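Notes for the one structure printed next.
The values are calculated or read from the model by the stated rules, or taken from the named source; none is laboratory data. Computed from a prediction, not measured in an experiment: that's the story for all the values here. For neighbour counting, all protein chains shown are included, and Cβ atoms are generated from backbone atoms with ideal geometry for every residue, glycine included. Please note that ligands, DNA and RNA were not included when accessible areas were found on the heavy atoms of the full protein model with its side chains. Shrake-Rupley method; radii C 1.70, N 1.55, O 1.52, S 1.80 Å.
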Amino acid sequence: MLSRRAVSAGLVSAAVAGCGEASTLPAVAAAPGQGGGRPGLDAALLAQGVDAARALPQLRSLIVARHGRSAFEQAFRGPGLDRPVNIKSASKTVLASVAGAAIARGELALDQPVAPILGRRVPAAADRRVRTITVEHLLAMAAGLEPTSGRNYGAWVSSRDWVGYALTRPFVDRPGGRMLYSTGTSHILSAVLTAATGRSTLELTRAWLGQPLDVEVPAWTRDPQGIYFGGNEMALSPRALLRFGEMHRNDGLHAGARILPADFVRDAWVSRGGRSPWTGYTYGLGWWIRESAGHPVYFAWGYGGQMVYVVPSLALTVVMTSDPAARGVTGHVQALHTLFDQALVPAAARGA
């Protein structure tokens, strides 16, 4: 539990001036209709959250923005705020947005079966039900195939054909059934994007997200066939993640330019496939969904604590990056949720 002790508003400035790279300058453009003043967050609660954040040894950076303006941003340790870092499975949320951009351009459709797009990439040994898997099923983690994450991850990434291996897993549910978290499912989506457009997932991510958001997207891991990893190992800076989250909070707009269709952004935040048996959270199209103090929270989540939280009802976006190689990540991620729930959400709720 976080301390409930009162702290003065002046501690916010003191916290910002502490160790590591820090700035209170706006990190993103102000949302339409928002003036240039200070974002509305309760100063004491924000300072309490900063204190708690600094005490977490695995946490590397924290950015808190409200109404499109940065209230606090600091790299406590590790790389600076503009340096790309491994966002682990938060890559799945970015990939889902690339798919949304492909849908907007007519390259894909949500209800489109993916087997005809993949063609010969579908092994002859694959179950016939693979033919009924759609783009939406991949985005919603509802392909029905046995997951390649968890205990199955090592065998999958050691295979000679990641796409073929994922497509030949046995069915444990029907396509469109319950959510089955699987990095292999996201990787199939990367292969679908590549086949449908004739361009690599790296090219698409740079062209459709990186360039319009004005953020760097470095190359990342590829499978043995050259398909960019569709659910892990992307690198984005904390400030890039903030722009990504803010773009979604603004219904797909960034600096007045349309990046994603508003309908796709809203649809991505609709729960599908029931609750995860491990976390109790639901899943939309590439986004996890939970509540905090009665407010719907949509978040990207990467192993070790790579987080982008978006709370539209509070005009709040929070980015946290952590050491991706640290142990004891389950307790650390829960500490991040606690920090978010007990300090940052209340700070926004009580702010002006």
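A few notes on this one:
- Segment Ala207-Val172, length gained on full extension (0.36 nm per residue, minus Cα span): 9.0 nm
- Karplus 3J(HN,Hα) series, Hz, for region 40-55 with 6.51 cos²θ - 1.76 cosθ + 1.60 (x for Gly, Pro): x, 9, 5, 5, 5, 5, 5, 4, 4, x, 4, 4, 5, 5, 4, 7
- Couplings for region 143-150, taken from phi via the Karplus curve 6.51 cos²θ - 1.76 cosθ + 1.60 with θ = phi - 60°, read 6, x, 6, 4, x, 9, 8, x Hz in order; Gly and Pro are left as x.
- Treating each Cα of region 208-352 as one equal point scatterer and applying the Debye formula with no solvent, the log10 of I(q)/I(0) at q = 0.10, 0.11, 0.12 Å⁻¹ comes out as -0.37, -0.45, -0.54.
- Label-point gap, in nm, between Tyr153 and Ala195 - each point 7 angstrom along Cα→Cβ: 2.6 nm
- Under-5 Å amide H pairs with His254, H placed in peptide plane, nonlocal only: Ile259
- Alpha-carbon centroids, region 208-287 and region 168-190: separation in whole Å: 19 Å
- Here the Karplus curve 6.51 cos²θ - 1.76 cosθ + 1.60, taken at θ = phi - 60°, turns the phi angles of region 223-240 into couplings of 7, x, 8, x, 7, 5, 3, x, x, 6, 6, 5, 10, 9, 6, x, 5, 5 Hz, with x standing for Gly and Pro.
- Length-normalised contact order for the chain - Cα pairs under 8 Å, 6+ apart - percent: 23 percent
- Å³ per residue enclosed by the Cα convex hull of region 173-230: 113 Å³
- Segment Tyr281-Arg120, extension gain: residue separation times 0.36 nm, minus the distance between their alpha carbons: 54.4 nm
- For the chain: accessible area per residue (Å², 1.4 Å): 39 Å²
- For Gln112, distant residues with modelled amide H under 5 Å away: Val135, Glu136
- Within-14-Å neighbourhood charge of Ser292 [Cβ basis; K, R +1; D, E -1]: 0
- Longest to shortest principal axis, alpha-carbon extents of region 183-286, angstrom: 38, 34, 27
- Three-way shape call for region 271-323 based on the alpha-carbon gyration tensor, with the a/c threshold at 1.5: oblate
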